[in-house]
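The values are calculated or read from the model by the stated rules, or taken from the named source; none is laboratory data. Owing to the predicted nature of the structure, the values given are computational and were not obtained by experimental measurement. Accessible surface areas use protein heavy atoms only, side chains included; no ligands, DNA or RNA. Shrake-Rupley method; radii C 1.70, N 1.55, O 1.52, S 1.80 Å.
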Amino acid sequence: METVEKVALVFTIIGAINWGLVGLLDLNLVTLLFKEGSFLTNLIYIIIAICGIINIGILFKHIDFE
């Protein structure tokens with residue numbers, strides 16, 4: 001599972017950099033590389049969202065709730 005977690009972290013970092021560029025320069029790399037509103041653009045956003053959810057699990061992975 002460690003490989004999946006690392007891949008998810010990489011996608012989340014890429015998503016964070018993209019949002020930083022949107023905030024700083026009003027430049028969205030996803031819509032720049034792919035047509036805005038296309039299936040591929042939406043798929044990329046969905047993949048990054050799923051990776052973010054996986055990272056929530058990583059955040060709480062080493063916490064004992066006992």
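Find the relative contact order for the chain and round it to a whole percent, using C-alpha pairs within less than 8 Å whose residues are 6+ positions apart. Dividing the mean separation by the residue count of the chain yields 40 percent.
Scalar couplings 3J(HN,Hα) for the stretch 38-51, obtained by applying the Karplus form with A = 6.51, B = -1.76, C = 1.60 to θ = phi - 60°, are 6, 4, 5, 4, 5, 4, 4, 4, 5, 4, 5, 5, 4, 5 Hz; x denotes Gly and Pro. Computed over the chain, the P(r) tail beyond 20 angstrom holds 37 percent of alpha carbon pairs. Roughly how many percent of the accessible protein surface of the chain is carbon and sulfur, given a 1.4 Å probe and a whole-percent answer? Heavy-atom surface of the chain belonging to carbon and sulfur, 1.4 Å probe: 73 percent. Computed with a 1.4 Å probe over protein heavy atoms only, the accessible surface of the chain comes to 81 Å² per residue.
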